[in-house]
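Visitor: Before I ask anything, here is the structure I am working with.
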């Protein structure tokens, strides 16, 4: 009897597809757990296990339905939208307005300092470049006074 070569190939392909799907499922579950912990401020292991068991149901919940968790210990009211937000974040989780004006001013101060440093560096480089060009064009050495 001849072995069923087509059936063996088909089984091997199905085994590979199942293994690839299982690996993808686990990687997506890890990604959902990381997204839940880093972006939504929720517990990694709970969302990893929920995603591993339920799959697309957990994915739908974490990506589109659930907001950022606001525990009682860090709960404050946003001055702009009047909804609960986290005090440990510089911006409101809902309207993205700055919670504390000092955060906004600090960012503006840093931007002004960076712009000043860039302007000063460009000016110094320009002055140096002009001095080098002038020295190349004038072959006579200048004597000190």
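Visitor: Round to the nearest 10 and give me the degree value, 0 to 90, for the angle of helix 101-137's Cα axis relative to the longest principal axis of the chain.
Guide: Roughly 50 degrees, rounded to the nearest 10.
Visitor: Rounded to two decimal places and with Rh computed the Kirkwood way over Cα pairs, what is Rg over Rh for the range 8-69?
Guide: Numbers: Rg = 14.4 Å, Rh = 12.3 Å.
Rg/Rh for the range 8-69 comes to 1.16.
Visitor: Rounded, prolate or oblate: which one fits the range 100-139, using the alpha carbon gyration tensor with axes a ≥ b ≥ c (rounded when a/c is under 1.5, else prolate when a/b beats b/c, else oblate)?
Guide: Details: a/c = 10.74, a/b = 10.60, b/c = 1.01.
Cα axes put the range 100-139 in the prolate bin.
Visitor: Given a cut-off of 23 Å, what percent of all Cα-Cα pairs of the chain lie beyond it?
Guide: Tail fraction, whole percent: 68.
Visitor: Between 0 and 90 degrees, rounded to the nearest ten: what's the tilt of helix 5-38 against the longest Cα principal axis of the chain?
Guide: Once rounded, one gets 50 degrees.
Visitor: Still on this structure: Taking the highest mean first, how do the peptides 60-72, 76-88, 7-19, 28-40 order by number of other beta carbon atoms within 10 angstrom per residue?
Guide: Packing order, densest peptide first, comes out as 28-40, 76-88, 60-72, 7-19.
Visitor: How high is the relative contact order of the chain, in percent, counting Cα pairs under 8 Å that sit 6 or more residues apart?
Guide: Relative contact order of the chain: 10 percent.
Visitor: Still on this structure: What spacing in nm lies between the two simple spin-label points modelled at residue 61 and residue 114, each 7 Å away from Cα in the Cβ direction?
Guide: 3.9 nm
Visitor: Helix 44-54 sits at what angle to the longest principal axis of the chain, using alpha carbons and giving 0 to 90 degrees rounded to 10?
Guide: Approximately 40 degrees, to the nearest 10.
Visitor: How big is the range 57-109 on each of its three principal axes, counting only the C-alpha atoms and giving the largest first in Å?
Guide: Extents along the principal axes: 44, 22, 18 Å.
Every number here is computed from the coordinates shown, using simple stated rules; none is lab data. In this text the structure is predicted, and so the values were computed from the model without any measurement. FYI the Cβ positions are ideal-geometry reconstructions off the backbone, even for glycines, and counts take in every protein chain you see.
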